[in-house]
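A.B. asks: Provided herewith is a single structure, encoded as structure tokens, for subsequent inquiry.
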Amino acid sequence: MYTIGQVAKFLGVSRDTLKYYEEKELVKPKYDDENGYRKYNPYDIHDVITTNFYRELDIEIKKIQEIKQSKSVTDLEHVLAEQEAKILEELAYKKRLLKKIKSVKEDYYKIKEHLGEFTITEMKPLEVKGEITEYAAYEEYETIRNSTENLKKAVTLTSARRVIHFDEEGMKEERFIVVRKIEDADKNFKGEVLSHPKCIYTVIEDGRFVNGEKSIDHEVGERLLKIAQDNGYELTGMAYINILLTTYEEGLERVFLEMYAPIK
């Protein structure tokens, strides 16, 4: 027979955990009538080991109680199958999170390399999944949520694109589209596909830390026109703007935007 302290040391669990198992009647050590101490026999220790195993599988206490009261191995099979499905779902979600982290890291490197600079590059294919009135049309965000790989708690705006049309006199019109990146092996798309083989690409900065609450709309077209004029490019008169990353300085947001402007 073993004391609670010995069992805790054997199995690497706390006394509180063992007391909790007792409270939930998952293990029932006998009490020494003389001193009132718990005494664990080998069967009790086995119960603790089994309970720890089920807890490691993230099976809730109520389910473990049901398993212990069951007379059928089939009942355990059902519990394990249910837990397997939950774990597989969680793994799939973790993969989405890892993919999102990788994407954000790539965006960070874009900022380091292209902020205030420009290059000529391809705008890779995007499938148009819908439109929203504007970024602040929060009641329309369901379109964004339904058209991207969902996170559990966050609405991500990286799938929203602001499309502007402009000329030498300034911005003419704009719209906001929701898009999905088309992977190389992806053939399963139904919506309009946007792709431009040659674009002026640059990263610019916005947000209250940089501009207060001032709009930079007039600067966007001017900046693109100047790049084109200085380098002999002919613009099509449109641009796609996407939020890459938002960070904060002195409690005010710094918003980094990437911009693709197709050229002829």
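A.B. asks: Filter region 28-59 down to residues that are outside any helix (DSSP H, G or I) and either polar (S, T, N, Q) or surrounded by fewer than 12 Cβ atoms within 10 Å (Cβ to Cβ) (or both), then give me how many there are.
C.D. replies: Let us first name the residues in region 28-59 that are outside any helix (DSSP H, G or I), namely 28-41, 57-59.
With the extra rule that they be either polar (S, T, N, Q) or surrounded by fewer than 12 Cβ atoms within 10 Å (Cβ to Cβ) (or both), the set shrinks to 31, 33-36, 41, 58.
Summing the residues that are outside any helix (DSSP H, G or I) and either polar (S, T, N, Q) or surrounded by fewer than 12 Cβ atoms within 10 Å (Cβ to Cβ) (or both) in region 28-59 gives 7.
A.B. asks: Please name all residue pairs, on different chains or six or more residues apart, with Cβ atoms under 7 Å, provided the first residue is in region 111-127 and is farther than 9 Å from Cys199 by Cβ and the second residue is among the aromatic types (Phe, Trp, Tyr) and at pLDDT below 90.
C.D. replies: As it stands, the answer is Glu127/Phe189, since those pairs meet every condition given.
A.B. asks: When you scan region 198-237, how many residues do you find that are in a strand (DSSP E or B), hydroxyl-bearing (Ser, Thr, Tyr) and either in contact with a Gly (Cβ under 8 Å, 6 or more places away or on another chain) or at pLDDT below 90 (or both)? Explain how you work it out, then say what you get.
C.D. replies: In the first step, residues of region 198-237 are kept if they are in a strand (DSSP E or B); the result is 198-206, 235.
Filter once more, so that each one left must be hydroxyl-bearing (Ser, Thr, Tyr): 201-202.
Among the residues that remain, those that are also either in contact with a Gly (Cβ under 8 Å, 6 or more places away or on another chain) or at pLDDT below 90 (or both) are: 202.
Of the residues in region 198-237, 1 are in a strand (DSSP E or B), hydroxyl-bearing (Ser, Thr, Tyr) and either in contact with a Gly (Cβ under 8 Å, 6 or more places away or on another chain) or at pLDDT below 90 (or both).
A.B. asks: For region 72-80, indicate whether the set of residues that are in contact (Cβ under 8 Å) with a residue 12 or more places away in the chain and not assigned by TED's automatic domain parsing to the domain that holds Lys28 is non-empty.
C.D. replies: Within region 72-80, one or more residues are in contact (Cβ under 8 Å) with a residue 12 or more places away in the chain and not assigned by TED's automatic domain parsing to the domain that holds Lys28.
A.B. asks: Checking Thr74 against (1) surrounded by fewer than 14 Cβ atoms within 10 Å (Cβ to Cβ); (2) modelled with pLDDT of 90 or more, only one condition comes out false. Which one?
C.D. replies: (2)
A.B. asks: Follow-up. Yes or no: Glu122 surrounded by 10 or more Cβ atoms within 10 Å (Cβ to Cβ) and either in the same structural domain as Thr51 (by TED's automatic domain parsing) or under 18 Å from Glu258 (Cβ atoms) (or both)? It would help to see each step written out before you state the result.
C.D. replies: Working: surrounded by 10 or more Cβ atoms within 10 Å (Cβ to Cβ): yes; either in the same structural domain as Thr51 (by TED's automatic domain parsing) or under 18 Å from Glu258 (Cβ atoms) (or both): yes.
When the stated conditions are applied, Glu122 passes them.
A.B. asks: Something else about it: What are the pairs with Cβ atoms under 8 angstrom where one residue, in region 140-154, is at pLDDT 80 or above and the other, located anywhere, is in a helix (DSSP H, G or I)? Sequence gap at least six, or different chains.
C.D. replies: Cβ pairs passing all conditions: Ile144/Leu157; Ile144/Ser159.
A.B. asks: What number of residues within region 125-164 satisfy the criterion of being β-branched (Val, Ile, Thr) and either on the phi > 0 side of the Ramachandran plot or not assigned by TED's automatic domain parsing to the domain that holds Thr236 (or both)?
C.D. replies: 0
A.B. asks: Right, another one. Kindly indicate the residue of region 1-27 that is among the aliphatic types (A, V, I, L, M) and assigned to a loop (DSSP other than H, G, I, E, B) and also farthest from Val79 (Cα to Cα) among those meeting that condition.
C.D. replies: Here the residue is Met1.
A.B. asks: Looking at the structure I just gave you, is Leu97 surrounded by 12 or more Cβ atoms within 10 Å (Cβ to Cβ), more than 16 Å from Lys24 (Cα to Cα) and either under 21 Å from the mean Cα position of the chain (by Cα) or small (Gly, Ala, Ser) (or both)?
C.D. replies: Yes.
A.B. asks: In region 244-254, which residue that is surrounded by fewer than 19 Cβ atoms within 10 Å (Cβ to Cβ) and in contact (Cβ under 8 Å) with a residue 24 or more places away in the chain is nearest to Thr121 (Cα to Cα)?
C.D. replies: Among residues in region 244-254 that are surrounded by fewer than 19 Cβ atoms within 10 Å (Cβ to Cβ) and in contact (Cβ under 8 Å) with a residue 24 or more places away in the chain, the one nearest to Thr121 (Cα to Cα) is Leu245.
The values are calculated or read from the model by the stated rules, or taken from the named source; none is laboratory data. Everything numeric here is computed off the predicted structure, so don't read it as measured data. Every residue, glycine as well, gets a Cβ built from its backbone with ideal geometry; the counts of neighbours run over all protein chains shown.
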